[in-house]
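Chemist: Before I ask anything, let me first share the structure, which is written out below as structure tokens.
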Amino acid sequence: MPSSLETALSRGPVVIDGGLSNQLEAAGHDLSDELWTARLLRDEPSAIADAHAAYFAAGASVVLTASYQVGFAAFARHGIPAPETARLLHRSVSLARAARDAGPDRPLWIAASVGPYGATLADGSEYRGRWKSWSWVAVRP
């Protein structure tokens, strides 16, 4: 059994999850607001853990964290202060780890989902690449 994702990839294809939003919507969650899947980090974290677990059970070896749409500015627009946003980013990893640790007895990995700055604007900017400003914030684990 490969001990690292790098080793697994060198041996051939590795199955990644099918998209967190797909699984969450299939489970009946409304993702229509600008925070998209990241809203559930705060409001219903168990839904994210369940989605990760479902992908591992279906054969995925890698799940992506629920952090694509997460941004300090986007969360601030929803009244979520920076320290809480940092906590939610950490939660996105913790939920994936919990699903991995409870998952099938085989190598399982977690990848951080990091969208472009435009994704946090929730206006389609990530597809156009035209935004006026951006910021960089590092979050320590």
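The values are calculated or read from the model by the stated rules, or taken from the named source; none is laboratory data. Since we're looking at a predicted model, the values are computed, not measured. Using ideal geometry, Cβ is built from the backbone for each residue, glycine included, and neighbour counts are taken over all protein chains shown. Protein only, heavy atoms only, side chains kept; ligands, DNA and RNA dropped before computing areas. Shrake-Rupley method; radii C 1.70, N 1.55, O 1.52, S 1.80 Å.
Chemist: Per-residue HN-Hα couplings for segment 80-87, Karplus 6.51 cos²θ - 1.76 cosθ + 1.60 at θ = phi - 60°, whole Hz, x for Gly and Pro?
Modeler: Going residue by residue, I get 9, x, 3, x, 6, 4, 4, 4 Hz, with x marking Gly and Pro.
Chemist: Convert each backbone phi in segment 49-57 into a coupling constant with the Karplus relation 6.51 cos²θ - 1.76 cosθ + 1.60 (shift: θ = phi - 60°), then list the ³J(HN,Hα) values in order as whole Hz, x for Gly and Pro.
Modeler: Along segment 49-57, the couplings run 4, 5, 5, 4, 4, 5, 5, 4, 5 Hz.
Chemist: Also: Under 18 Å from a point 7 Å along the Cα-to-Cβ line of Arg42: which residues of segment 19-34 have their amide N that close?
Modeler: 30-34
Chemist: Between Ala111 and residues 5 or more places away or on another chain, which pairs have amide H atoms under 5 Å apart, with H built 1.01 Å from N, and which residues are they?
Modeler: Sorted by chain and number, the residues that satisfy this are Val63, Leu64, Thr65.
Chemist: Right, next: Find the centroid of the Cα atoms in segment 1-28 and in segment 51-90, then give the distance between the two in whole Å.
Modeler: What the calculation gives is 16 Å, centre to centre.
Chemist: Mind giving me the nanometre distance, one decimal, between the label points for Glu84 and Leu31, set 7 Å out from Cα along Cα→Cβ?
Modeler: Once both label points are built, they end up 2.3 nm from each other.
Chemist: How large is the accessible surface per residue of segment 28-112, computed with a 1.4 Å probe and reported in Å² as a whole number?
Modeler: Values: 3740 Å² over 85 residues.
Per residue, segment 28-112 has an accessible area of 44 Å².
Chemist: Suppose the chain between Ala111 and Leu5 were pulled fully straight at 0.36 nm per residue; how much longer would it get relative to their current alpha carbon spacing? Don't jump to the answer; show the numbers that get you there.
Modeler: Working: separation 106, 0.36 × 106 = 38.16 nm, distance 1.01 nm.
Residue separation times 0.36 nm, minus the Cα-Cα distance, leaves 37.1 nm.
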